[in-house]
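The values are calculated or read from the model by the stated rules, or taken from the named source; none is laboratory data. In this text the structure is predicted, and so the values were computed from the model without any measurement. Cβ sites come from the backbone with ideal geometry, for glycine too, and all protein chains shown count toward neighbours. The area values use the complete protein model at the heavy-atom level, side chains included, leaving out ligands, DNA and RNA. Shrake-Rupley method; radii C 1.70, N 1.55, O 1.52, S 1.80 Å.
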Amino acid sequence: MSLELLSNELLIEFFEYLSTGEIFHAFHGLNYRFNSVLANHFRMHGFDLRCISRSDFDAIGRIYFSSTPQQITSICFSNNEQTPAQINRFFNQGFEFSKFTYLKSLSIYYLSPGPLAHRIIGELGNLPNFSRLVYKPVYRSTNSFCAHRFINSIWHLPNLKYCCLQFKFGPLMVFAIPLTVSSSIEYLTIEDIDISPNEFIQLCNQTPNLQYLSLRLAFELPFYGALSFAPKITKLYITYTVRSDQLFSILKMLPMITYLKLNVQSFAIDGYQAEILLRTSLPQVKHLHFRMVHTLDDDDNKEQEIEKILDTFRRPFWIDEHRLFLQCEWKTDDRSCVFYTLPYVFEGYDYAKATLFKSTYPVENKRWLNKTVYALNYHLLELDCSAPLNIQFDNVIVLSIKLPVDGKLWSTVASLPRVEQLYVSLANDDDDGNNRNQLQSILGHMPHLLIFYIREDPSRV
């Protein structure tokens, strides 16, 4: 069937499954109709320039950025090794963000918070429709002055509503609480940097209209625990370590929460205490998800200790009122265990050998995992003789494996053709031929792969 027989609406829907580079390279210049459909698609969905050749980047700039900047609503830039100096090239060709008057969203990857980043933020401040910023420099920042100045400039953006920031700071560097109050930011995600409880309070004070907040919270003493107002936050995702009492103190300050997601790294929350917290301080919570990594005290009585924790979540408050079920996984040769609510809704899932399960759900049902795991760490090796867990993952798009991988990969990860990111490491680098053959076979089943990374010397594979 010829694509030219499809309606414009179906073509635009088809283009949603392709990258900007694939669409432009394959369809631009075929005829007037395809050029028109491409223009409509880019006007609706924007330009993702992360995996695009320099020649295509220049052509897109010449055809779209120069002639119709006022029609562009979204751009994603990257300065990584595949697209080096892409943002510099944008400016060197004479473009300025001030001309993109209808730009709503900008994503920037692999750009340190230096003069170029400051220039971008400065120009965004003049755009009346700009409301969404994703900034992930990836590289470690060692200049605290530039980082702090950059964060302040973001809080100055008058219409910014959605903000996602990822920072990798050097030793002794901390997240700089902005000095400016932003009344526009409602959705804020901060990745890869610890925020202390006192900084959390300052951040809320400087961003009073927050409705969604996602961050990594660190333990701190002394903790003063005072907010100048009642926050409007209704959705909260916190990654936290160390002590439950300080975490609970933070949560008690946020009575408007309706959605709560907790990723606890070093202790298990007690179901009795959590029930009291929800009843007395968080009565509006309707959706609750948590994951808890816990170290068992007694290596000889693992199941009894696990059952004791699970029993605190078997009360009617959890089972009947909230329909919340808790599952625990552990391995026979490890004191560490993981508790998580069902279904599993967190970013990554570790699939490894000799895993045992216990749950508050009346019937064992591993299908809680197969639809909701999108990032999978598959650690079953070729020589591993442990029994399979009989779980099939249907929606994995980010996959991490160790070579040589066992033969169960094909039946376990049913979504191999939809994987977009693959990360490979070598558990045994003495068998290069087998590793190479396996990798070639795996790559042959991933037609939509966008990111491929080998964590060892590529010459070994």
Taking the stretch 254-285 on its own, how many of its residues are at pLDDT 90 or above, open to solvent by 20 Å² or more (accessible area, probe 1.4 Å) and aliphatic (A, V, I, L, M)? 2
Please find, among Arg62, Arg50, the residue that is open to solvent by 70 Å² or more (accessible area, probe 1.4 Å), more than 25 Å from Glu191 (Cβ to Cβ) and not small (Gly, Ala, Ser). Arg62
Of all residues in the stretch 184-200 being modelled with pLDDT under 95, open to solvent by 10 Å² or more (accessible area, probe 1.4 Å) and outside any strand (DSSP E or B), which is nearest to Gly125 (Cα to Cα)? Glu199
Evaluation of Val345 against (1) touching a Lys or Arg at 6+ places or on another chain (Cβ under 8 Å); (2) over 15 Å from Tyr272 (Cα atoms); (3) open to solvent by less than 10 Å² (accessible area, probe 1.4 Å) (one fails), failing number: (3)
Test: Glu96 is acidic (Asp, Glu), open to solvent by 20 Å² or more (accessible area, probe 1.4 Å) and closer than 20 Å to Ile451 by Cβ: no
Test result for Ser214, polar (S, T, N, Q), assigned to a loop (DSSP other than H, G, I, E, B) and either touching a strand residue (DSSP E or B) at 6+ places or on another chain (Cβ under 9 Å) or exposed (fewer than 14 other Cβ atoms within 10 Å of the Cβ) (or both): no
Working only within the stretch 2-47, note down all residues that are buried (at least 18 other Cβ atoms within 10 Å of the Cβ), under 30 Å from the mean Cα position of the chain (by Cα) and within 23 Å of Leu103 (Cα to Cα). Phe15, Thr20, Gly21, Ile23, Phe24, Leu38, His41, Phe42, Gly46, Phe47
Would you tally the residues in the stretch 286-296 being assigned to a loop (DSSP other than H, G, I, E, B) and surrounded by 18 or more Cβ atoms within 10 Å (Cβ to Cβ)? 1
Of the residues in the stretch 309-354, how many are within 18 Å of Gly271 (Cβ to Cβ), assigned to a loop (DSSP other than H, G, I, E, B) and of a type in the set (Phe, Trp, Tyr)? 1
For the stretch 48-159, give me every one of the helices (runs of 4 or more DSSP H) that falls completely inside it and has 1 or more residues that are within 26 Å of Tyr32 (Cα to Cα). 54-60
